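The values are calculated or read from the model by the stated rules, or taken from the named source; none is laboratory data. Since this is a predicted model, take the numbers as computed values, not measurements. Reconstructed Cβ throughout: ideal geometry from the backbone, glycine too, with neighbour counts over all protein chains shown.
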Amino acid sequence: MDIEIELISPIDNVCDYTFDFYWQNQRLDPASVILHQSGTQFTYSDLVDAVRGGSDIHIKGDVGARFAYSLGVDLKHFGGGGNSEPAGCVFVDGNVGAEAGMGMVSGTLYVSGDVAQPFGNIIEIGSDVQEYRKFRSITDILCNGLDADTLVSNNFNENERRLTLDDGILRGTLGARCDHMATIVVEGDAYNGTGMLMRHGTIIIKGDGGMNTGAHLDGGTVVVFGSVGEFAGAYMKSGSLVFRDAKGYVGAGIKGGAIYSKKKVKTTPPAGKSRMKGNDSALLRSLLDIGRVESMLYNKYEVEEEKERYITVHMRDGSVLRRKVE
């Protein structure tokens, strides 16, 4: 059943699939009634359940930040498989706040007003509904194609599954959960969370990346020609993350994959520096179009093997032994 709701004041996290997203130490309760409604008493879960079931949602009024967060994801946190699932359409008769569509993988957004930057993992396409702008998930387009849709700007090579973003819009969570051998090229900077949970494909950022670049990367490749923000490569499972330099520590909670940085960076255990090998050099040459000598100047970081621990034992005869700690 479709839902119609009127908001007399903007509300954050509308149609947020994550529900327990924390913001400034406040937890979003899925059963709580959305504030500032006019004449209805819908909860956060009412809207999510409706769009998950394929129904459309019509919102009259402005919505706040983090609208449609992780839209179209069968989240593991709630017993799902973490994969994409079908979703309905959400119509907004008004403006939308920043970070709309962060982590979004399916469904369609229609907006009559403005969408604040940074965007999430969304791109504008030609609208089939008069007086509305239409947005789809970048991951959806990479994995399933444009079909009859056309991009308003930017360029998508359907045969090569190669999307070039040159519209100057700052976007976060690019390629989130992508499971297709596709490529995203950003002719500029990226916002937070590039490549989040990306299983296949390559993202190339010609400028700088934000916080959590390559976080939870699960097999894809993320290349940043500039610098990345804090917590790069956090909780990586597999794949490759390449950048010039990083702010703060990298590799927190890493479980697999490799991080390459031209400048030496600080790591958080279990990440540690490891030796560059021939296959590492070949990978960097192919991704960065550089020579062998320059590629070998990069620093490699991955899960550090646990070092064997020894203690020093002083014997009665004055000799000293090193004994392995079991």
- prompt: Would you pick out the residues in segment 173-186 that are under 26 Å from GLU85 (Cα atoms) and touching a strand residue (DSSP E or B) at 6+ places or on another chain (Cβ under 7 Å)?
  reply: LEU174, GLY175, ARG177, CYS178, ASP179, HIS180, MET181, ALA182, THR183, ILE184, VAL185
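Restricting the search to segment 204-229, which residues are charged (D, E, K, R), buried (at least 19 other Cβ atoms within 10 Å of the Cβ) and over 18 Å from GLY103 (Cβ atoms)? Before you say what the answer is, go through the steps one by one.
The initial filter retains those residues of segment 204-229 that are charged (D, E, K, R), namely 206, 208, 218.
When the remaining residues are screened for being buried (at least 19 other Cβ atoms within 10 Å of the Cβ), the result is 208, 218.
Selection gives ASP208 alone.
If we only count strands (runs of 3 or more DSSP E) wholly inside segment 177-266, which ones have 3 or more residues that are within 20 Å of THR164 (Cα to Cα)?
On the way: elements: 179-186, 200-205, 218-224, 238-243, 258-261.
So the answer is 179-186, 200-205, 218-224, 238-243.
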- request: Return the only residue of ALA215, ALA190, ALA252 being among the small types (Gly, Ala, Ser), under 21 Å from TYR69 (Cα atoms) and free of Cβ contacts under 8 Å to residues at least 24 places away in the same chain.
  value: ALA215
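Taking into account only those residues within segment 238-257 that are hydrophobic (A, V, I, L, M, F, W, C) and buried (at least 22 other Cβ atoms within 10 Å of the Cβ), which is nearest to GLY220 (Cα to Cα)?
LEU241
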- line: Inside segment 146-156, the number of residues satisfying the requirement of being surrounded by fewer than 19 Cβ atoms within 10 Å (Cβ to Cβ), out of contact with any Asp or Glu (no Cβ under 6 Å at 6 or more places or on another chain) and either closer than 20 Å to ASP179 by Cα or modelled with pLDDT of 95 or more (or both) is 6
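Can you tell me how many residues in segment 218-238 are of a type in the set (Val, Ile, Thr), in contact (Cβ under 8 Å) with a residue 24 or more places away in the chain and touching a Gly at 6+ places or on another chain (Cβ under 8 Å)? Quick ask: steps written out before the conclusion?
Filtering segment 218-238 for residues of a type in the set (Val, Ile, Thr) gives 221-224, 228.
If we keep only those that are in contact (Cβ under 8 Å) with a residue 24 or more places away in the chain as well, we get 221-224.
Then drop every residue that is not touching a Gly at 6+ places or on another chain (Cβ under 8 Å), which leaves 221-222, 224.
Here the count works out to 3.
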- request: For residues that are within 14 Å of the chain's Cα centre (by Cα) and more than 24 Å from SER84 (Cα to Cα), tally how many sit in segment 231-249.
  value: 2
task: Enumerate the pairs (first residue in segment 276-299 and among the aromatic types (Phe, Trp, Tyr); second residue anywhere and in a loop (DSSP other than H, G, I, E, B)) with beta-carbon separation below 8 Å, excluding pairs fewer than 6 apart on the same chain, so at least 6 apart or on different chains.
output: TYR298/LYS262; TYR298/MET276
query: Within segment 183-195, is there a residue that is within 15 Å of the chain's Cα centre (by Cα), farther than 20 Å from GLY101 by Cα and not hydroxyl-bearing (Ser, Thr, Tyr)?
result: no
query: In the list ALA68, ALA31, ALA98, which residue meets the criterion of being aliphatic (A, V, I, L, M), surrounded by 17 or more Cβ atoms within 10 Å (Cβ to Cβ) and either touching a helix residue (DSSP H, G or I) at 6+ places or on another chain (Cβ under 9 Å) or more than 14 Å from ASP12 (Cβ to Cβ) (or both)?
result: ALA68
